[in-house]
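The structure is given below, and queries will be raised subsequently.
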Amino acid sequence: MTFNRVAWIVAASVALATLAPAAGHAQGKYPDRPVKVVIGFTAGGGTDVAGRLIAQKLSEATGQSFVVENRPGASGLIASEQVAKSPADGTTIMVGSQTTLAVAPALYKKFQLDAAKELTGLAMIGISPLVAVVNVNSPIHSIKDLIAEAKAKNGTMNFGSGGVGTTPHMAGELFAFNAGIKWVHVAYRGEAPGINDLLGGQIPFMFSNLSVVKGNVEGGKLRALAVTSSARVPSLPDVPTVAETFLGFDAATWFNLVVPAGTPPDVVAKVHTEMKKIVATKDYQQRLDAIGMIPDKERAPDEINAYIRSEIAKWAKVIKDAGIKPAD
């Protein structure tokens with residue numbers, strides 16, 4: 001072996017020894033650059049408001065910028081596919097939801113997202129309970145009354161939602177299956193028009209997100225029959241859950257943070273740990289309550305992944321049983 005070759009090997013070894021600690025240090029400093037927080041809906045909606053709250057809290061916790069980027073379209077699937085194909089280095093995070101990750105993939109044929117395989121869970125953000133509501137002048141005062149009315153209408157009773165594939169729509173179909181009833185889904189372009197028709201007497205009943213109907217319920221214009229979350233909602237403590245009639249019923253909209261599959265475990269652990277601290281703070285919980293959300297139970301990343309898989313299976317069955325046709 002020549003002297004020059006020996007010198008080259010020694011120099012290379014020294015260089016590698018110098019770089020190795022630096023790389024490990026950089027990895028331990030995550031995030032060492034701005035992080036994109038992708039939201040698959042337009043600004044101002046529930047997903048956007050929750051996402052911006054999380055971005056703010058993570059920026060404060062880490063000292064690094066978490067920058068919101070809205071990429072709306074196809075119930076969040078456009079954003080989901082783009083995020084799934086992003087570098088798996090923690091620099092791109094997405095606010096996922098029940099609609100985007102568990103329902104929409106079964107309704108849009110041209111999208112091939114498999115959230116269980118292509119994305120990895122980081123943390124749960126919270127849940128948005130739905131409320132079963134009727135006009136305050138309705139003769140329906142309870143879930144039992146609602147079921148009796150639907151059966152009396154023999155499949156002709158209407159129920160409204162903010163659109164095909166939305167959580168309120170899915171909740172209505174799951175409820176019908178549990179109750180052994182048939183009814184007609186009226187899909188609106190958003191929940192607000194449906195609420196207007198409910199107030200005006202054009203439709204008899206809706207499932208709607210708590211944040212949308214809370215004001216009308218508290219103002220005495222709508223009557224809350226039940227909430228669809230597994231537990232009662234602190235802001236409506238006297239309103240029962242659907243699960244008190246149908247054991248195990250749970251149809252709240254959940255929100256979480258996900259990253260591309262293959263993201264390093266230390267990055268996943270870092271964000272999860274920070275989020276666990278954030279979710280436990282009183283300020284965070286109060287700000288969630290202000291937008292009609294409540295904290296979800298704490299789940300480890302692997303538990304989030306398992307939960308996403310179970311939700312995909314759950315809602316695929318509802319879609320199939322209800323005969324909901326996928327969109328083109």
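Just grab the label-to-label distance for residue 277 and residue 218, each label 7 Å out from Cα along the Cβ direction, in nm (one decimal).
It is 3.2 nm.
Amide H of residue 158: which non-local residues (sequence gap of 5 or more, or other chain) have their own amide H closer than 5 Å, using H built in the peptide plane?
Excluding prolines and chain starts, which carry no amide H, the hits are 184.
Okay, moving on. Hey, got the dipole for the chain? About the Cα centre, +1 on K and R Cβ, -1 on D and E Cβ, debye to the nearest 20? Present the calculation step by step, with values, prior to reporting the outcome.
Details: 32 positive and 28 negative charges, 68 e Å.
Value, rounded to 20: 320 debye.
If you don't mind, another one. Summing +1 for each Lys or Arg and -1 for each Asp or Glu, what net charge is found among the other residues whose Cβ lies under 11 Å from the Cβ of residue 274?
+3
Suppose R0 equals 41 Å. What FRET efficiency, 1/(1 + (r/R0)^6) with r the Cβ-Cβ distance, do residue 244 and residue 86 give to the nearest 0.05?
Numbers: r = 43 Å, r/R0 = 1.04.
Computed FRET efficiency for residue 244 and residue 86: 0.45.
Grab the alpha carbons of region 196-328, take their convex hull, and tell me the volume per residue in Å³.
Working: hull volume 21.5 nm³, N = 133.
Per residue, the Cα convex hull of region 196-328 comes to 162 Å³.
For region 142-153, what does the Karplus curve 6.51 cos²θ - 1.76 cosθ + 1.60, with θ = phi - 60°, yield as ³J(HN,Hα) per residue in whole Hz, taken in order and with x for Gly and Pro?
Calculated HN-Hα couplings, in order: 7, 5, 4, 4, 4, 5, 4, 5, 5, 5, 5, 7 Hz.
Counting other Cβ atoms within 10 Å of each Cβ, which trypsin sites (Lys or Arg not before Pro) in region 176-217 have at most 15 and sit in a DSSP loop?
On the way: sites: 182, 189, 214; in loops: 182, 189.
Here the trypsin sites (Lys or Arg not before Pro) that fit, given the DSSP loop and packing criteria, are 182, 189.
Summing -39500 (n - 2.57) over the DSSP H runs of n ≥ 4 in the chain and dividing by its residue number, what mean residue ellipticity at 222 nm do you reach, to the nearest 500 deg cm²/dmol? Walk me through the intermediate numbers first.
Values: 12 runs with 148 residues, N = 328.
One gets -14000 deg cm²/dmol as the mean residue ellipticity at 222 nm.
Of 86, 194, 312, which is farthest along the charge dipole of the chain in the positive direction, counting Lys and Arg as +1 and Asp and Glu as -1 at C-beta?
86
Got a sec? Charge dipole of the chain, +1 on Cβ for Lys and Arg, -1 for Asp and Glu; which of 222, 124, 237 is way out at the positive end?
Positive-most Cα among the choices belongs to 124.
For a Förster distance of 56 Å, can you work out the FRET efficiency between the beta-carbons of residue 153 and residue 64, rounded to the nearest 0.05? Mind showing how you got there, number by number?
Values: r = 56 Å, r/R0 = 1.00.
Here the calculated transfer efficiency is 0.50.
Over its Cα atoms, what ratio of radius of gyration to 2.2 N^0.38 Å does region 133-259 give? Don't skip to the end; give the middle numbers.
Numbers: Rg = 13.7 Å, N = 127, 2.2 N^0.38 = 13.9 Å.
That ratio works out to 0.99.
Taking the Cβ of residue 161 as the center, what net charge do the other residues with Cβ under 14 Å away carry, scoring Lys and Arg +1 and Asp and Glu -1?
Values: positive: 189; negative: 173, 191, 197.
Value of the local net charge: -2.
Enumerate the calculated ³J(HN,Hα) couplings along region 227-239 in order (Karplus 6.51 cos²θ - 1.76 cosθ + 1.60, θ = phi - 60°), each rounded to whole Hz, writing x wherever the residue is Gly or Pro.
Residue by residue, region 227-239 yields 10, 9, 6, 6, 10, 5, 9, x, 7, 10, x, 8, 8 Hz.
Here's something else I'd like to know. Tell me, what % of the accessible area of region 69-165 is carbon and sulfur with a 1.4 angstrom probe? The partial results should precede the final answer.
Numbers: 1730 of 3540 Å².
Summing carbon and sulfur atoms, their accessible area is 49 percent of the total for region 69-165.
I'd like the antiparallel share, as a percent to the nearest 5, of DSSP beta bridges with both residues in the chain. Display every interim value, and only then the final one.
On the way: 22 of 37 bridges.
Bridges in the chain that DSSP calls antiparallel: roughly 60 percent.
Using a/c under 1.5 as the rounded threshold, could you call region 252-326 rounded, prolate or oblate? The axes a ≥ b ≥ c are square roots of the C-alpha gyration tensor eigenvalues, and prolate needs a/b larger than b/c, oblate otherwise. Before the final figure, lay out the partial values.
On the way: a/c = 3.01, a/b = 1.38, b/c = 2.19.
Cα axes put region 252-326 in the oblate bin.
Charges at C-beta only: +1 for Lys and Arg, -1 for Asp and Glu. How large is the resulting dipole of region 57-130 about its Cα centre, in Debye rounded to 20? Walk me through the numbers before you get to the answer.
Details: 6 positive and 6 negative charges, 47 e Å.
The calculated dipole for region 57-130 is roughly 220 debye.
Please give me the summed charge of the neighbours of residue 40: other residues whose Cβ is under 15 Å from its Cβ, Lys and Arg +1, Asp and Glu -1.
On the way: positive: 36, 52, 71, 85; negative: 48, 69, 81, 118.
Local net charge: 0.
By the gyration tensor of its Cα atoms, with a ≥ b ≥ c the square roots of the eigenvalues, what is the shape of region 89-178: rounded for a/c under 1.5, prolate for a/b over b/c, or oblate? If you can, show how the numbers build up before the last one.
Values: a/c = 3.50, a/b = 2.22, b/c = 1.57.
Here region 89-178 falls in the prolate category.
Determine, for each peptide in 139-148, 281-290, the mean count of other beta carbons within 10 angstrom over its residues, then list the peptides with the highest first. Before the final figure, lay out the partial values.
Working: 139-148: 15.7, 281-290: 14.0.
Highest mean packing first, the order is 139-148, 281-290.
Turning to a different aspect of this structure: Given a 1.4 angstrom probe, what's the average accessible area per residue across region 45-112, in square angstrom?
Values: 2450 Å² over 68 residues.
Per-residue value: 36 Å².
Keeping the other protein chains in place, figure out the carbon and sulfur percent of the accessible area of region 171-293, with a 1.4 Å probe. Walk me through the numbers on the way to the answer.
Working: 2840 of 5330 Å².
About 53 percent, which is the carbon plus sulfur part of the accessible surface.
Something else: When ligands, DNA and RNA are left out and all protein chains stay put, how many square angstrom of accessible area per residue does region 133-279 have with a 1.4 Å probe?
On the way: 6140 Å² over 147 residues.
Result: 42 Å² of accessible area for each residue.
If amide hydrogens are placed 1.01 Å from N in the peptide plane, which non-local residues have theirs closer than 5 Å to the one on residue 253?
For residue 253, the qualifying residues are 128, 130.
The values are calculated or read from the model by the stated rules, or taken from the named source; none is laboratory data. These numbers were taken from a predicted model, which means no experiment stands behind them. Quick reminder, even Gly has a Cβ in these numbers, built from the backbone with ideal geometry, and neighbours come from all protein chains shown. Side chains included, ligands, DNA and RNA excluded: accessible areas come from the protein's heavy atoms. Shrake-Rupley method; radii C 1.70, N 1.55, O 1.52, S 1.80 Å.
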